[in-house]
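Structure first, then comments.
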Amino acid sequence: MYSLSDFDFDLPPELIAQTALPDRTASRLLHVSDDGIVDRQFSDIIDQLHAGDLLVFNDTRVLKARFFGAKETGGKVEMLVERVIKNTADEHIVHVQLRASKSPLAGSKIRLADAFDVTVGERAGEFFTLHFPGDVFELIEKYGRLPLPPYINHEADDFDEQRYQTVYSRVPGAVAAPTAGLHFDQPLLDKCKAKGIQLAFVTLHVGAGTFQPVRTEDLSKHDMHSEWYTVPEETVAAVQAAKAAGKDVICVGTTSMRAIESASQSGALVAGSGDTRLFITPGYVFKTVDRLVTNFHLPKSTLMMLVSAFAGYDAIREAYAHAIAQKYRFFSYGDAMLLTNRSSAHQ
């Protein structure tokens, strides 16, 4: 039985990548498999994939979700859009994390980016409800700022606006990038297709909760954040075809994996959309995913627990110790790992 402290490790701060490499495929790739640990370049991942294998990507697009504003009283406000609830002709409603010296009251107005006013609605748990005066996505794209993760210590610039999106991002709604996908550029995707490797997509809108620390030593008491996902019919068909042919289903990123595994809870993958609070810890039996491409994760995070469940607790401890010794770059703008499923379903 694991507890929170089992997923802690010491990370030298200088290994936290502060900027992305100009070349997406120039990152390193730590390959962890039954044959041990091998240091590779990310561009070499194609040599570890076979014709008929299926890569599953998360096509969410990061919103310019960070805003600064002022209440009617003049008090300063900082906010982060967590989720777009409605964006229809007559309703434009979002949930936000909001920081202010004093919480705004329902019915009051907040001026955002010195450009437009939103109306404060009822609280929704830890979030504030805001009513926007028009199309949410248009206003966010025009006036918002790209929200970089809290461990990156500079404001987003033009380079970040390009590099903190995957090249295949399509569906706006995330407040953090599905970072394993940042290593793929279009030429690498084209090489994959030319080799006969299949590509499929899911959508999971990454919420700010992905950065929230686990605060309870007893993992069974952790309240997992909710994220919206969809798995389309064509992706289910692609997974079924790969499985029938004896090929691997490889998720690019923990978000793709959470979408696929959330849609596999009946034992078989089914198409659909919904909210997921799936919390994967060691002992979880993976139902669909065979391999995983992922970045290096924060100590004591739910994602450390997920990769430990997938590749094996001891294997991950060894891999992270190796990565630190070899000065791999960590977190969103850092290097990647390629892991194999060692959960009990695959023993």
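A short reminder: the numbers here are calculations on the coordinates, not readings from a lab. None of these values were measured; they are calculated from a predicted model. Cβ atoms come from the backbone with ideal geometry, glycine included; neighbour counts cover every protein chain shown.
Key figures for this structure:
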{"quantity": "Tail weight of P(r) past 26 Å, computed on alpha-carbon pairs of the chain, percent", "calculated": "50 percent"}
{"quantity": "Inter-centroid distance (Cα atoms) of the range 93-159 relative to the range 214-266, Å", "calculated": "29 Å"}
{"quantity": "Expected 222 nm ellipticity per residue - DSSP helices of 4 or more, -39500 (n - 2.57), all of the chain, to 500", "calculated": "-5500 deg cm²/dmol"}
{"quantity": "Fully extended contour minus Cα-Cα distance, from GLU141 to MET224, at 0.36 nm per residue", "calculated": "27.0 nm"}
{"quantity": "Theoretical gain in end-to-end length, ILE37 to THR73 [0.36 nm per residue, Cα-Cα removed]", "calculated": "7.2 nm"}
{"quantity": "Tensor-based shape of the range 128-269 (alpha-carbon gyration tensor, a/c under 1.5 rounded, otherwise prolate or oblate)", "calculated": "oblate"}
{"quantity": "nm² value of the averaged projected area, convex hull over the Cα atoms of the range 66-143", "calculated": "4.5 nm²"}
{"quantity": "Order by protection proxy (mean Cβ within 10 Å, highest first), peptides 253-266, 17-30, 50-63", "calculated": "253-266, 50-63, 17-30"}
{"quantity": "Calculated FRET value between LEU15 and ASP90, using beta carbons and R₀ = 35 Å, to 0.05", "calculated": "0.10"}
